[in-house]
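Below is one structure, written out as structure tokens, with a few remarks after it.
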């Protein structure tokens, strides 16, 4: 391996960082501090050709290959013990084509970087909930965000991708070229190659109306029931969601209430402020907020508003589900477990995924849960490793309690390392087809450090007893 890595260093334009090199300790760290491993090398890829070299080296030497885009993988799939890491973080170029209404981003781009560039053109596409998330990981797993109800998932807005496949080929995937690969990339995770460039459809988005509102726990049942009914007819421009959250010590939160748990509503209305105000007044008519920070703001400002609560270096353990109907019984479970959110960093979000998400047919992309109306996530995040056992228990007990009220499977971007036995359910109705595409593009499962789709076995020749 030593000779192979030395040879790789001579073949790439980017930097190869190995144990003992200056900067290795920093380079090996990932977003989830619970993941503490030592890869054999981290290659900071400067261009497509560097990615090709890394993929070929890993395949030829049968090394574990980890792909790191934005680096936000909760299970820590952007690294592994003894692996070679293709770190795409230097590849963050963003280009907007106003005439075509598209934006192209390098594979290591974060949503914050993407939003900064597209905002200058008055445009955006569906990104995540915080801006430090990587464009690549979010999109490949589906891409739920503030703009989903209006414009669909991130993957629904992907129009083309440049991909390094397991054999080291650099290919384009879109509706006309390698359409089966293009289909699989839109919801199938990082199973099919390294995407070095994404081209998205972008939409007019400038100032939105919204922000967070905090309500007493005693009003939680009424608010969740109201949201359940409200969202079925809400304008698609509304992208808000209910949550459980400990109030941080911010100026708009009464000092004596900071540090206490609340039912929250985070709203993002991509329309006239007066219409947004009317919609939010409906929630105030149900219950009086304890605190709120509502108003007009750039979309990018809301997308980065919660970055400070989730800095790198926290401990992470998450679980996710899909829900067709938020029943009264499910609401009761949330009201039992949600208020036990352990730290200000942790949260529970109940994302609506209707509207434009439902406009896309179930088999048009690999995202396999178009029949769901909500995607709850129990996001356990905390600073002290000494709290791991009790906080992981909170996530698991909460998840077990909502399971009887949920569909099989959950959003792959929110799954944990111990969810590999749920992979088929997490990918949903399209899993078999994904497995077949996997066989065509990655028959040896080089890209296995992910929520892994195994290639469907090659059929034995007729008459064979093998």
Anything in segment 296-317 that is assigned to a helix (DSSP H, G or I) and under 27 Å from residue 122 (Cα atoms)? List them, or say none.
299, 300, 301, 302, 303, 307, 308
Being on the phi > 0 side of the Ramachandran plot, in a loop (DSSP other than H, G, I, E, B), out of contact with any helix residue (DSSP H, G or I) (no Cβ under 8 Å at 6 or more places or on another chain) and not assigned by TED's automatic domain parsing to the domain that holds residue 171: is that true of residue 71 here?
yes
Please determine, by comparing only the residues of segment 96-118 that are farther than 30 Å from residue 41 by Cβ and free of Cβ contacts under 8 Å to residues at least 40 places away in the same chain, which one is surrounded by the fewest Cβ atoms within 10 Å (Cβ to Cβ).
99
Yes or no: residue 405 within 27 Å of residue 240 (Cα to Cα) and modelled with pLDDT of 95 or more?
yes
Being under 30 Å from residue 231 (Cβ atoms) and part of a helix (DSSP H, G or I) is the requirement here; does residue 403 meet it?
yes
Could you please find all residues in segment 62-71 being more than 20 Å from the chain's Cα centre (by Cα) and either buried (at least 24 other Cβ atoms within 10 Å of the Cβ) or more than 20 Å from residue 24 (Cβ to Cβ) (or both)?
62
Pick from 52, 74: which is surrounded by 17 or more Cβ atoms within 10 Å (Cβ to Cβ) and farther than 15 Å from residue 9 by Cα?
74
Tell me whether segment 442-465 contains one or more residues that are assigned to a helix (DSSP H, G or I) and in contact (Cβ under 8 Å) with a residue 40 or more places away in the chain.
no
Only residues that are touching a residue at least 60 places away in the same chain (Cβ under 8 Å), in a loop (DSSP other than H, G, I, E, B) and surrounded by 15 or more Cβ atoms within 10 Å (Cβ to Cβ): list them for segment 1-22, please.
14
Checked 335, 326 against criteria (touching a helix residue (DSSP H, G or I) at 6+ places or on another chain (Cβ under 7 Å) and assigned to a helix (DSSP H, G or I)); the one match is 335
Looking at segment 338-384, which of its residues are in contact with a helix residue (DSSP H, G or I) (Cβ under 8 Å, 6 or more places away or on another chain) and either assigned to a helix (DSSP H, G or I) or on the phi > 0 side of the Ramachandran plot (or both)?
338, 339, 340, 355, 356, 357
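The values are calculated or read from the model by the stated rules, or taken from the named source; none is laboratory data. All values derive from a computational prediction rather than experimental measurement. For neighbour counting, all protein chains shown are included, and Cβ atoms are generated from backbone atoms with ideal geometry for every residue, glycine included.
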